[in-house]
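The values are calculated or read from the model by the stated rules, or taken from the named source; none is laboratory data. None of the values given here were measured: they were computed from a predicted structure. For neighbour counting, all protein chains shown are included, and Cβ atoms are generated from backbone atoms with ideal geometry for every residue, glycine included. SASA here: full protein model, heavy atoms, side chains in, ligands and nucleic acids out. Shrake-Rupley method; radii C 1.70, N 1.55, O 1.52, S 1.80 Å.
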Amino acid sequence: MKKVCKPYKFSSFKSNEDFTAAMAADGMDFPISDDLSVLLEPVTLKNGHVIPNRLVIQPLEGFDGTKEGNPSDLIFRRYRRYAEGGAGLIWYESITVADDGRCNPLQMIIKEETVPEIKRLVDESDAAAIAKHGRKPYNVLQLTHSGRRSTNEKWESTPLAVVPNPYIDHHNSIDGQSGQITFATDEKIEEIVEGFIRGAELAMECGFDSVDVKICHEYILRELLAAYNRPGKYGGSFENRIRATMDIVHGIKERCGDGIDICVRLNAYDCIPWPHGWGMKQEEGVMEPDPAEVIKLCNMLVEEGVDLINLSTMMPRYQPTGRGYLAELEEDAVIEPYQGVYALFEMTRRIKEAVPGGTFVCTGLTWLENFGAAVAAGCIREGWYDLAGFGRQAFAYPDFAEDIMKHNTMMRGKCCITCDKCYDLIQKGHVQSGCVIRDQEIYLPLYRKYVQKREQ
């Protein structure tokens, strides 16, 4: 059974200095700042659009839409809480562009039939932010096709891959099923490209400021970047492997003009060896990152007018060295998440330095618990990235931004404790997900019933 190594007792750290000393002793020199005011500064994008502050709520699905693909009451609740919480950018969770691209039976779908309810979600969330803070957040909608992670209405794995991958072919769905893999034809990829472009048009109707062309984790556009061994126009050469991404960006620009911005959430590296992993040293079986192609793509995206780049990896807990993502699939593996987060921050810094025109968002701050904001402020002041991304921290602590505004701190008693129970609800329970510890009224009963199998 894999083990996530958590050697630090954050509750025992009385100051930023305590945190810094403990991390530095293990080779992680996180920048840190007592003054969090930089996080409250607005960010003006090249097109003149303004993000009210540097605090970002990143996309994290609750697996709780309706079977038709609409937002549910729980989704309306979640985004109202986010909007009232004060973050300057809300990156709305992954919405599939096709019925066959859902990663779970309750994932939202962007299509003509769901536009009215998704628009209502945006309108009501914005109204909540305006009532509380006098302004709305900058809203990004993450568009995706789940590819290898696709499932049907019965939670059965239905993976759509683009190239064989011996490292992950046996582990395709979020709960570890494999399913019978179908390999996408060029025509199918063209259909998915059109789905992204049409999704952006519909997102514009819904009132979003931007769409995210999702190129991260194990989803299909990310896999195309690593399709070194695929024949045809979507594989092999760098130009072929980025073709689908660039066709989507060009298509959105052509159809939507200045009506909606474009962001990407992109793997900085895959933590899987080349030729099956992107952003890795191009020597077979070698576990070492190489950002050359990532930098090249980021510069191209910026030149094409992409407004924000959020660098991620398969998950921030995995390092691009050692066993990397493969530790997730191995018995008796030990995962060191803090080293993984530090490696991702360092790579974000390197890529940002090499892409001077880009505006970058980081990933992984939740692992640093109540010290996340201080590290974010330090990293931004030292130029590692431009905006601070918090993922499942927002499940636990939707008003973290407000506490930073009012108190120059994050409250430890509100923070995510990285217990993974939100993942257990999905992976083991096949049920709606949220914070079992901090949002107990809704999610503790679900955890007891569907994960622990306890009678109510």
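Structure summary
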| read-out | value |
| --- | --- |
| Subset of region 128-158 (residues that are open to solvent by 10 Å² or more (accessible area, probe 1.4 Å), part of a loop (DSSP other than H, G, I, E, B) and in contact with a strand residue (DSSP E or B) (Cβ under 7 Å, 6 or more places away or on another chain)) | T158 |
| Failed criterion for F63 (all others in (1) more than 30 Å from E190 (Cβ to Cβ); (2) modelled with pLDDT of 95 or more hold) | (1) |
| Checklist (1) exposed (fewer than 14 other Cβ atoms within 10 Å of the Cβ); (2) touching a Ser or Thr at 6+ places or on another chain (Cβ under 8 Å) applied to K3, failing item | (2) |
| Subset of region 218-235 that is open to solvent by 40 Å² or more (accessible area, probe 1.4 Å) and under 20 Å from R148 (Cβ atoms) - its residue that is nearest to the chain's Cα centre (by Cα) | N229 |
| Close pairs (7 angstrom Cβ cut-off, 6 or more residues apart or separate chains): among the aliphatic types (A, V, I, L, M) in region 230-246, part of a loop (DSSP other than H, G, I, E, B) anywhere | A244/Y234 |
| Any hit, region 31-39, residues being in contact with a Phe, Trp or Tyr (Cβ under 8 Å, 6 or more places away or on another chain) and within 16 Å of Y338 (Cα to Cα) | yes |
| Test: residue in region 262-271 that is assigned to a helix (DSSP H, G or I) and over 19 Å from M347 (Cβ atoms) | no |
| Candidate set from region 278-291 (those that are assigned to a loop (DSSP other than H, G, I, E, B) and touching a helix residue (DSSP H, G or I) at 6+ places or on another chain (Cβ under 8 Å)); member that is nearest to T144 (Cα to Cα) | W278 |
| Within region 408-456, tally of residues that are assigned to a loop (DSSP other than H, G, I, E, B) and among the aliphatic types (A, V, I, L, M) | 6 |
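Rundown of residues vs (1) touching a Cys at 6+ places or on another chain (Cβ under 8 Å); (2) surrounded by fewer than 20 Cβ atoms within 10 Å (Cβ to Cβ), yes/no style:
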| site | (1), (2) |
| --- | --- |
| L160 | no, no |
| D175 | no, yes |
| Q180 | no, yes |
| A184 | no, no |
| E190 | no, yes |
| V193 | no, no |
| A200 | yes, no |
| A203 | no, no |
